[in-house]
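Worksheet: the structure to be examined is printed underneath.
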Amino acid sequence: MPKKLPHRYQAVAMPLVLSILMSAIVSFVATLSGNGFQPDLPALWLKAWAFSWVVAFPSLLLILPIVRRIVAATVEQPGGSR
């Protein structure tokens, strides 16, 4: 079984994986929408994805703590009153 990262890396690992997946999906949809199906779509998409990820990852590192506070303030936490 592969060795897992220590728990202390969770604050970076989650935004890293989330930014990779979300920027890949959104950049693909935007590239496809803007250019249609064409032979160089994969190359166009990878270029768009690389740029998107460079923006997405640091953005998530900055805004994720704010999002967590907003969600905690608006969603009942386990063990709270009903």
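The values are calculated or read from the model by the stated rules, or taken from the named source; none is laboratory data. Note that the structure is a prediction, hence the values are computed from the model and not measured. For neighbour counting, all protein chains shown are included, and Cβ atoms are generated from backbone atoms with ideal geometry for every residue, glycine included.
Some points to look at:
- Of all residues in the range 16-31, none that is under 13 Å from residue 50 (Cβ atoms) has its Cβ atom under 7 Å from the Cβ atom of a residue that is loosely packed, with under 14 Cβ neighbours inside 10 Å and of a type in the set (A, V, I, L, M, F, W, C), 6 or more apart or on another chain.
- Checking each residue in the range 43-72 for being aromatic (Phe, Trp, Tyr) and within 10 Å of the chain's Cα centre (by Cα) picks out 53, 57.
- Residue match in the range 24-42 (condition: hydrophobic (A, V, I, L, M, F, W, C), at pLDDT 95 or above, touching a Phe, Trp or Tyr at 6+ places or on another chain (Cβ under 7 Å) and assigned to a helix (DSSP H, G or I)): yes
- Any hit, the range 24-43, residues being under 17 Å from residue 63 (Cβ atoms), surrounded by 11 or more Cβ atoms within 10 Å (Cβ to Cβ) and not hydrophobic (A, V, I, L, M, F, W, C): no
- Residue list for the range 14-49, filter: under 26 Å from residue 65 (Cβ atoms) and not β-branched (Val, Ile, Thr): 14, 15, 16, 18, 19, 21, 22, 23, 24, 27, 49
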